[in-house]
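The values are calculated or read from the model by the stated rules, or taken from the named source; none is laboratory data. These numbers were taken from a predicted model, which means no experiment stands behind them. No Cβ is skipped: glycine too gets one built from the backbone with ideal geometry, and neighbour counts run over all protein chains shown. With ligands, DNA and RNA removed, areas are computed over all heavy atoms of the protein, side chains included. Shrake-Rupley method; radii C 1.70, N 1.55, O 1.52, S 1.80 Å.
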Amino acid sequence: MVRGRPTRAYLAVPAHRSRLVEKAAASMADAVFMDLEDAVPPSEKVAALEEAVRSLSACDWGTKSVAVRLNAIDSPFIDREIRALAPLARLDAVIVPKAERASDIGAIADRLRAAGPGRPAPVALELLIETALGLVNVDALAASHDSVSALHLGVGDFAASIGARCSDIGISPEGYRQTGTAQSGYASAPLDLFAYPMMRVLVAACAFGLRAVDGPCGAFRDARLTESTAQKAAAMGFDGKQVIHPDQIEPTLRAFIPSGHELAQARRILEAMEQAEAQGQGAVTLDGKMIDYANVRMARRIIEMGS
(Lines give C-alpha, C1' and ligand atoms only; values in the text may rest on other atoms or scores of the structure.)
Protein backbone atom coordinates (compact mmCIF):
# COMPACT_ATOMS: atom_id res chain seq x y z
CA MET A 1 0.00 0.00 0.00
CA VAL A 2 1.05 3.64 -0.38
CA ARG A 3 2.28 4.74 3.02
CA GLY A 4 0.87 8.23 3.68
CA ARG A 5 0.57 11.08 1.17
CA PRO A 6 2.08 10.45 -2.27
CA THR A 7 5.75 11.40 -2.61
CA ARG A 8 6.31 10.13 -6.15
CA ALA A 9 8.34 13.13 -7.31
CA TYR A 10 10.22 14.52 -4.30
CA LEU A 11 11.86 17.79 -5.32
CA ALA A 12 15.05 18.98 -3.60
CA VAL A 13 15.72 22.72 -3.50
CA PRO A 14 18.51 24.73 -1.79
CA ALA A 15 16.87 26.51 1.13
CA HIS A 16 18.83 29.74 0.68
CA ARG A 17 17.63 30.24 -2.92
CA SER A 18 14.29 31.92 -2.25
CA ARG A 19 13.28 32.15 -5.92
CA LEU A 20 13.85 28.43 -6.39
CA VAL A 21 11.95 27.64 -3.21
CA GLU A 22 8.96 29.62 -4.44
CA LYS A 23 9.08 27.78 -7.78
CA ALA A 24 9.25 24.47 -5.94
CA ALA A 25 6.16 25.36 -3.90
CA ALA A 26 4.25 26.10 -7.12
CA SER A 27 5.53 23.02 -8.96
CA MET A 28 3.74 19.76 -9.74
CA ALA A 29 5.97 17.79 -7.36
CA ASP A 30 4.16 15.71 -4.75
CA ALA A 31 6.71 16.65 -2.11
CA VAL A 32 9.49 19.18 -1.61
CA PHE A 33 12.43 19.28 0.73
CA MET A 34 14.39 22.43 1.39
CA ASP A 35 18.02 21.50 1.79
CA LEU A 36 20.19 22.95 4.55
CA GLU A 37 23.00 20.45 4.00
CA ASP A 38 24.92 19.60 0.83
CA ALA A 39 23.34 22.23 -1.45
CA VAL A 40 24.25 25.08 0.91
CA PRO A 41 27.80 26.42 1.37
CA PRO A 42 28.97 26.98 4.97
CA SER A 43 28.77 30.76 4.57
CA GLU A 44 25.03 30.50 3.77
CA LYS A 45 23.92 28.08 6.49
CA VAL A 46 22.35 30.71 8.74
CA ALA A 47 20.61 32.43 5.84
CA ALA A 48 19.34 29.07 4.55
CA LEU A 49 17.69 28.25 7.87
CA GLU A 50 16.09 31.70 8.05
CA GLU A 51 14.75 31.30 4.52
CA ALA A 52 13.39 27.82 5.25
CA VAL A 53 11.54 29.15 8.30
CA ARG A 54 10.15 32.07 6.29
CA SER A 55 9.12 29.90 3.35
CA LEU A 56 7.23 27.43 5.50
CA SER A 57 4.87 30.23 6.50
CA ALA A 58 4.97 32.48 3.45
CA CYS A 59 4.65 30.02 0.55
CA ASP A 60 1.47 28.30 -0.55
CA TRP A 61 2.47 24.65 -0.47
CA GLY A 62 -0.98 23.31 -1.33
CA THR A 63 -1.28 19.63 -0.49
CA LYS A 64 2.44 18.93 -0.85
CA SER A 65 4.42 17.13 1.80
CA VAL A 66 7.06 19.63 2.93
CA ALA A 67 10.32 18.68 4.59
CA VAL A 68 13.67 20.22 5.46
CA ARG A 69 16.93 18.33 5.24
CA LEU A 70 18.97 19.05 8.35
CA ASN A 71 22.72 19.25 8.57
CA ALA A 72 24.69 16.29 9.86
CA ILE A 73 23.94 14.91 13.31
CA ASP A 74 27.33 16.07 14.62
CA SER A 75 27.31 19.45 12.87
CA PRO A 76 27.37 22.76 14.80
CA PHE A 77 24.15 23.81 13.03
CA ILE A 78 21.69 21.10 13.97
CA ASP A 79 20.68 22.39 17.42
CA ARG A 80 19.66 25.77 15.99
CA GLU A 81 17.83 24.06 13.14
CA ILE A 82 15.79 21.88 15.48
CA ARG A 83 14.82 24.80 17.71
CA ALA A 84 13.77 26.96 14.74
CA LEU A 85 11.89 24.33 12.76
CA ALA A 86 10.16 22.14 15.34
CA PRO A 87 7.35 24.59 16.27
CA LEU A 88 6.31 25.23 12.64
CA ALA A 89 2.98 23.56 11.90
CA ARG A 90 3.45 23.43 8.11
CA LEU A 91 6.63 21.38 8.45
CA ASP A 92 5.72 17.75 7.84
CA ALA A 93 9.13 16.14 8.23
CA VAL A 94 12.84 16.60 8.60
CA ILE A 95 15.27 14.53 6.59
CA VAL A 96 18.21 13.24 8.62
CA PRO A 97 21.31 12.88 6.43
CA LYS A 98 23.81 10.04 6.78
CA ALA A 99 21.63 8.15 9.25
CA GLU A 100 23.76 5.39 10.74
CA ARG A 101 22.84 4.66 14.37
CA ALA A 102 19.43 4.09 15.89
CA SER A 103 20.39 5.91 19.10
CA ASP A 104 21.05 9.12 17.14
CA ILE A 105 17.60 8.97 15.57
CA GLY A 106 15.86 8.58 18.90
CA ALA A 107 17.80 11.54 20.27
CA ILE A 108 16.80 13.79 17.35
CA ALA A 109 13.14 12.74 17.67
CA ASP A 110 13.18 13.59 21.38
CA ARG A 111 14.77 16.99 20.73
CA LEU A 112 12.19 17.81 18.05
CA ARG A 113 9.33 16.96 20.39
CA ALA A 114 10.81 19.00 23.20
CA ALA A 115 11.32 22.00 20.90
CA GLY A 116 7.79 21.88 19.47
CA PRO A 117 5.42 21.03 22.33
CA GLY A 118 2.44 22.85 20.80
CA ARG A 119 2.39 20.98 17.51
CA PRO A 120 -0.78 19.01 16.69
CA ALA A 121 1.43 16.12 15.49
CA PRO A 122 5.14 15.46 15.95
CA VAL A 123 7.55 16.20 13.12
CA ALA A 124 8.14 13.04 11.13
CA LEU A 125 11.66 11.78 10.54
CA GLU A 126 12.78 10.66 7.10
CA LEU A 127 16.14 8.93 7.18
CA LEU A 128 18.70 9.27 4.42
CA ILE A 129 20.66 6.03 4.06
CA GLU A 130 23.85 7.07 2.30
CA THR A 131 26.77 5.20 3.84
CA ALA A 132 27.85 1.60 4.11
CA LEU A 133 27.25 1.69 7.88
CA GLY A 134 23.79 3.14 7.39
CA LEU A 135 22.90 0.34 5.00
CA VAL A 136 24.22 -2.32 7.39
CA ASN A 137 22.05 -0.82 10.15
CA VAL A 138 19.01 0.00 8.00
CA ASP A 139 16.64 -2.41 9.79
CA ALA A 140 17.47 -0.93 13.19
CA LEU A 141 17.15 2.58 11.79
CA ALA A 142 13.73 1.82 10.32
CA ALA A 143 12.54 0.61 13.72
CA SER A 144 14.39 3.22 15.77
CA HIS A 145 11.46 5.52 16.62
CA ASP A 146 7.74 5.85 15.99
CA SER A 147 8.35 9.22 14.30
CA VAL A 148 10.28 7.60 11.44
CA SER A 149 8.07 7.68 8.35
CA ALA A 150 10.38 7.12 5.37
CA LEU A 151 13.74 5.86 4.20
CA HIS A 152 15.60 7.58 1.37
CA LEU A 153 18.59 6.15 -0.50
CA GLY A 154 21.37 8.71 -0.88
CA VAL A 155 22.96 7.45 -4.08
CA GLY A 156 25.84 9.93 -4.39
CA ASP A 157 27.29 9.63 -0.91
CA PHE A 158 26.59 5.91 -0.84
CA ALA A 159 28.65 5.38 -3.98
CA ALA A 160 31.45 7.40 -2.40
CA SER A 161 31.23 5.47 0.89
CA ILE A 162 31.89 2.14 -0.85
CA GLY A 163 34.60 3.51 -3.14
CA ALA A 164 32.67 3.12 -6.39
CA ARG A 165 34.53 4.53 -9.39
CA CYS A 166 31.88 6.92 -10.59
CA SER A 167 31.20 10.63 -10.52
CA ASP A 168 27.61 10.72 -11.80
CA ILE A 169 24.85 10.74 -9.17
CA GLY A 170 22.47 7.80 -9.39
CA ILE A 171 24.04 6.22 -12.49
CA SER A 172 26.21 3.10 -12.57
CA PRO A 173 29.73 3.83 -13.88
CA GLU A 174 30.69 2.81 -17.40
CA GLY A 175 32.99 0.04 -16.26
CA TYR A 176 30.46 -1.51 -13.88
CA ARG A 177 29.58 -4.50 -16.04
CA GLN A 178 30.90 -7.97 -16.69
CA THR A 179 31.43 -8.51 -20.39
CA GLY A 180 32.54 -11.46 -22.43
CA THR A 181 32.51 -12.97 -25.86
CA ALA A 182 31.08 -16.12 -27.31
CA GLN A 183 34.60 -17.45 -27.55
CA SER A 184 35.34 -16.85 -23.88
CA GLY A 185 32.17 -18.56 -22.77
CA TYR A 186 31.06 -15.57 -20.68
CA ALA A 187 27.84 -13.75 -21.49
CA SER A 188 27.52 -10.00 -21.37
CA ALA A 189 25.88 -9.27 -18.03
CA PRO A 190 25.26 -5.60 -17.19
CA LEU A 191 25.30 -4.97 -13.45
CA ASP A 192 23.62 -2.21 -11.49
CA LEU A 193 25.64 -0.54 -8.77
CA PHE A 194 22.46 0.46 -6.91
CA ALA A 195 20.37 -2.72 -7.20
CA TYR A 196 21.45 -4.10 -3.82
CA PRO A 197 21.20 -0.89 -1.74
CA MET A 198 17.86 -0.07 -3.39
CA MET A 199 16.41 -3.46 -2.51
CA ARG A 200 17.89 -3.35 0.98
CA VAL A 201 16.33 0.04 1.73
CA LEU A 202 13.03 -0.97 0.12
CA VAL A 203 12.71 -4.19 2.14
CA ALA A 204 13.48 -2.41 5.42
CA ALA A 205 10.94 0.31 4.64
CA CYS A 206 8.21 -2.18 3.73
CA ALA A 207 8.93 -4.35 6.76
CA PHE A 208 8.23 -1.44 9.09
CA GLY A 209 5.43 0.28 7.16
CA LEU A 210 7.55 3.21 5.94
CA ARG A 211 7.72 4.95 2.58
CA ALA A 212 10.74 4.20 0.40
CA VAL A 213 12.20 7.01 -1.71
CA ASP A 214 14.95 6.39 -4.26
CA GLY A 215 17.81 8.82 -4.77
CA PRO A 216 17.99 11.26 -7.69
CA CYS A 217 19.29 10.93 -11.21
CA GLY A 218 21.96 13.58 -11.58
CA ALA A 219 21.48 13.88 -15.37
CA PHE A 220 18.57 16.28 -14.91
CA ARG A 221 18.56 17.45 -18.54
CA ASP A 222 18.20 13.89 -19.83
CA ALA A 223 14.46 13.19 -19.69
CA ARG A 224 14.83 9.63 -20.99
CA LEU A 225 17.45 8.68 -18.42
CA THR A 226 15.46 10.42 -15.68
CA GLU A 227 12.35 8.46 -16.61
CA SER A 228 14.14 5.14 -16.99
CA THR A 229 15.72 5.36 -13.52
CA ALA A 230 12.32 6.32 -12.10
CA GLN A 231 10.69 3.39 -13.91
CA LYS A 232 13.20 1.05 -12.28
CA ALA A 233 12.39 2.40 -8.81
CA ALA A 234 8.65 2.27 -9.46
CA ALA A 235 8.82 -1.28 -10.80
CA MET A 236 10.73 -2.40 -7.71
CA GLY A 237 8.07 -0.96 -5.40
CA PHE A 238 9.45 2.38 -4.27
CA ASP A 239 6.92 5.06 -3.34
CA GLY A 240 8.85 7.81 -5.06
CA LYS A 241 12.15 9.27 -6.18
CA GLN A 242 14.06 12.42 -5.39
CA VAL A 243 14.42 14.91 -8.24
CA ILE A 244 16.90 17.75 -8.30
CA HIS A 245 15.39 19.91 -11.04
CA PRO A 246 11.81 20.83 -12.00
CA ASP A 247 12.38 19.35 -15.48
CA GLN A 248 12.54 15.91 -13.83
CA ILE A 249 9.13 16.14 -12.19
CA GLU A 250 6.97 15.23 -15.18
CA PRO A 251 8.96 12.18 -16.35
CA THR A 252 9.23 10.94 -12.78
CA LEU A 253 5.51 11.28 -12.14
CA ARG A 254 4.86 9.52 -15.44
CA ALA A 255 7.01 6.61 -14.31
CA PHE A 256 5.27 6.25 -10.94
CA ILE A 257 1.67 6.74 -12.05
CA PRO A 258 0.38 3.48 -13.56
CA SER A 259 -0.75 3.60 -17.17
CA GLY A 260 -4.36 3.22 -18.20
CA HIS A 261 -3.59 -0.31 -19.39
CA GLU A 262 -2.03 -1.25 -16.02
CA LEU A 263 -5.01 0.13 -14.12
CA ALA A 264 -7.49 -1.65 -16.38
CA GLN A 265 -5.65 -4.95 -15.96
CA ALA A 266 -5.54 -4.51 -12.19
CA ARG A 267 -9.30 -3.93 -12.12
CA ARG A 268 -9.85 -7.02 -14.29
CA ILE A 269 -7.92 -9.08 -11.74
CA LEU A 270 -10.06 -7.80 -8.88
CA GLU A 271 -13.25 -8.50 -10.83
CA ALA A 272 -12.11 -11.99 -11.76
CA MET A 273 -11.32 -12.82 -8.15
CA GLU A 274 -14.67 -11.46 -6.99
CA GLN A 275 -16.37 -13.81 -9.43
CA ALA A 276 -14.18 -16.70 -8.26
CA GLU A 277 -15.06 -16.00 -4.62
CA ALA A 278 -18.77 -16.01 -5.51
CA GLN A 279 -18.24 -19.53 -6.81
CA GLY A 280 -16.31 -20.61 -3.72
CA GLN A 281 -12.90 -20.55 -5.41
CA GLY A 282 -9.66 -18.96 -4.25
CA ALA A 283 -7.97 -18.91 -7.64
CA VAL A 284 -9.02 -18.37 -11.24
CA THR A 285 -7.52 -18.34 -14.71
CA LEU A 286 -7.33 -15.00 -16.50
CA ASP A 287 -5.76 -14.62 -19.95
CA GLY A 288 -4.18 -18.04 -19.63
CA LYS A 289 -2.57 -17.28 -16.27
CA MET A 290 -3.50 -18.42 -12.78
CA ILE A 291 -4.28 -15.61 -10.35
CA ASP A 292 -4.96 -15.79 -6.62
CA TYR A 293 -4.95 -13.48 -3.62
CA ALA A 294 -1.30 -12.52 -4.11
CA ASN A 295 -2.30 -11.07 -7.48
CA VAL A 296 -5.15 -9.23 -5.76
CA ARG A 297 -2.73 -7.57 -3.35
CA MET A 298 -0.44 -6.56 -6.22
CA ALA A 299 -3.39 -5.23 -8.21
CA ARG A 300 -4.57 -3.12 -5.28
CA ARG A 301 -1.11 -1.60 -4.97
CA ILE A 302 -1.26 -0.55 -8.64
CA ILE A 303 -4.67 1.04 -8.17
CA GLU A 304 -3.49 2.89 -5.04
CA MET A 305 -0.48 4.26 -6.91
CA GLY A 306 -2.79 5.55 -9.60
CA SER A 307 -5.14 7.36 -7.22
| remark: When restricted to ALA233, ALA276, ALA299, the only residue touching a Lys or Arg at 6+ places or on another chain (Cβ under 6 Å), without any contact (Cβ under 8 Å) to a residue 60 or more places away in the chain and not charged (D, E, K, R) is ALA233
| task | Can you work out which of the residues in region 62-91 that are free of Cβ contacts under 8 Å to residues at least 40 places away in the same chain and of a type in the set (Asp, Glu) is farthest from VAL123 (Cα to Cα)? | result | ASP74
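Which is at pLDDT 65 or above, among the hydroxyl-bearing types (Ser, Thr, Tyr), surrounded by 17 or more Cβ atoms within 10 Å (Cβ to Cβ) and closer than 22 Å to SER228 by Cβ, of SER144, SER149, SER172?
Details: SER144 fails: closer than 22 Å to SER228 by Cβ; SER149 fails: closer than 22 Å to SER228 by Cβ.
Every option except SER172 fails the conditions.
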| message | Can you report the number of residues in region 272-307 which are closer than 16 Å to GLY260 by Cα and open to solvent by less than 70 Å² (accessible area, probe 1.4 Å)? | response | 6
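Going by the structure shown, is ILE95 assigned to a strand (DSSP E or B) and modelled with pLDDT of 95 or more? Before the answer, list the steps.
Numbers: assigned to a strand (DSSP E or B): yes; modelled with pLDDT of 95 or more: yes.
It is true that ILE95 is assigned to a strand (DSSP E or B) and modelled with pLDDT of 95 or more.
Within the bounds of region 91-104, is there any residue that is touching a Ser or Thr at 6+ places or on another chain (Cβ under 7 Å), open to solvent by less than 50 Å² (accessible area, probe 1.4 Å) and farther than 22 Å from HIS245 by Cα?
Step one: list which residues in region 91-104 are touching a Ser or Thr at 6+ places or on another chain (Cβ under 7 Å), which gives 92-93, 98, 100, 102.
If we keep only those that are open to solvent by less than 50 Å² (accessible area, probe 1.4 Å) as well, we get 92-93, 100, 102.
Then drop every residue that is not farther than 22 Å from HIS245 by Cα, which leaves 100, 102.
The answer is yes; a qualifying residue exists.
Given the residues PRO216, PRO258, PRO197, which is the only one that is under 20 Å from the mean Cα position of the chain (by Cα), assigned to a loop (DSSP other than H, G, I, E, B) and closer than 19 Å to GLY134 by Cα? Please lay out each step first, then the result.
Numbers: PRO258 fails: closer than 19 Å to GLY134 by Cα; PRO197 fails: assigned to a loop (DSSP other than H, G, I, E, B).
None of the others qualify; the one that does is PRO216.
Quick check on GLY218: is it more than 16 Å from ASP30 (Cα to Cα), open to solvent by 50 Å² or more (accessible area, probe 1.4 Å) and modelled with pLDDT under 90?
Numbers: more than 16 Å from ASP30 (Cα to Cα): yes; open to solvent by 50 Å² or more (accessible area, probe 1.4 Å): no; modelled with pLDDT under 90: yes.
No, not satisfied.
Okay, residues lined up against (1) touching a strand residue (DSSP E or B) at 6+ places or on another chain (Cβ under 7 Å); (2) among the hydrophobic types (A, V, I, L, M, F, W, C):
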residue	(1), (2)
THR7	yes, no
ARG19	no, no
LEU36	yes, yes
VAL40	yes, yes
GLU44	no, no
GLU50	no, no
SER57	no, no
ARG69	yes, no
LEU91	yes, yes
| note | Per the filter on region 47-61, residues of a type outside the set (D, E, K, R), open to solvent by less than 70 Å² (accessible area, probe 1.4 Å) and touching a residue at least 24 places away in the same chain (Cβ under 8 Å) are ALA47, ALA48, LEU49, ALA52, VAL53, SER55, LEU56, CYS59, TRP61
| remark: Note on region 101-127: residues within 24 Å of the chain's Cα centre (by Cα) and outside any helix (DSSP H, G or I) are ARG101, ALA121, PRO122, VAL123, ALA124, LEU125, GLU126, LEU127
| Of everything in region 26-46 that's over 22 Å from LEU128 (Cα atoms) and under 18 Å from the mean Cα position of the chain (by Cα), which residue is least open to solvent (accessible area, probe 1.4 Å)? | SER27
| request: Mind telling me which of the residues ALA52, ALA72, ALA84 ends up being among the hydrophobic types (A, V, I, L, M, F, W, C) and in a loop (DSSP other than H, G, I, E, B)? | output: ALA72
| Restricted to region 198-215, and to residues that are crowded, with 24+ Cβ neighbours inside 10 Å and out of contact with any Lys or Arg (no Cβ under 7 Å at 6 or more places or on another chain), which residue is farthest from LEU151 (Cα to Cα)? | GLY215
